[in-house]
Structure formats: structure tokens, C-alpha cells
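Remarks on the structure that follows.
Values quoted throughout were computed directly from the atomic coordinates according to the rules given, and no laboratory measurement underlies them. None of these values were measured; they are calculated from a predicted model. No Cβ is skipped: glycine too gets one built from the backbone with ideal geometry, and neighbour counts run over all protein chains shown.
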Amino acid sequence: MDSEKPQAISFSRKGAFPSMDKNSLHKWGDLYYLSCSGHYATARNPYGPYEYRGLVGTGWQLESPYAHGDFFLWKDNWDHVWCRDRDRRVDRIRDCFIAPVHYLPDGRMEDDLSALPSDQQGAY
């Protein structure tokens, strides 16, 4: 089996990309998407250089470094799954959410949060 020698990923530290664990990598079209929580960056090579693009959506604790998530292909559609803490001061209980992802012509991606109940956007 041919395998590549491990390499460091090159990343531009412009923006607010979290320095937490739980990073995820996927490819759509000709771009690679490196994500952590709701933050993401793109590159044309899996090793970078990655440029920070922003958040996939607003609310739902997507900006939190604890919103561990991943992107996956299901029934020919891309989806985003992530978790949200109820109240970290009290316990470590998390709710999980799945939302469709839309890829825009300029390489940005956005979660379609319209199907999620609007009264549950913030922490409990």
C-alpha cells in the first residue's frame, strides 16, 4: 500500500479559527475544508495553505470551540453534525444537531438552520 509521509498542515492564522482539538477535513469540488466547531478554512491542497473563511452559521453555539462536529455525505447531500452544551457550569450534557450544508460558488459553505426550532438557539 502506498502512503504518503506525514506532513504538517500549513494554515494562515488570520481569523478566529479555534486552537482546540476535534478538527475535521473533507473535500467538496476542488476545495478541501478544514473545520473545527462551526469554524472552517479552505485550501486547494490537503496540506494547505488553509485560509480562514468564517462560521458555517450563526447561533446554536457554532462559534463555541466545544461544538465538536463533522461533515458527512448522506443520500447525495452534505450535512453537518455538531453538539451543543446545555450548561457547562452544571454538567457536560450535550445536544446534537444535524443540518444540511450548502456550498456557494465562491467556496463558502453555510448550514441551513431553518429546520431547527428557533426557540432553542442559545444555551438552555
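Worth a mention:
- Dividing the mean sequence gap of close Cα pairs (under 8 Å, 6+ apart) by how many residues the stretch 1-59 holds gives a relative contact order of 33 percent.
- The stretch 24-117, relative contact order [Cα under 8 Å, separation at least 6], %: 19 percent
- In a fully extended conformation the segment linking Ala8 and Trp74 would gain 20.8 nm over its present Cα-Cα distance, using 0.36 nm per residue.
- Candidates per trypsin sites (Lys or Arg not before Pro) in the stretch 81-114, loop by DSSP, up to 10 other Cβ within 10 Å: Arg89, Arg92
- When the alpha carbon gyration tensor of the chain is reduced to an equivalent ellipsoid, the three semi-axes, largest first, read 26, 17, 14 Å.
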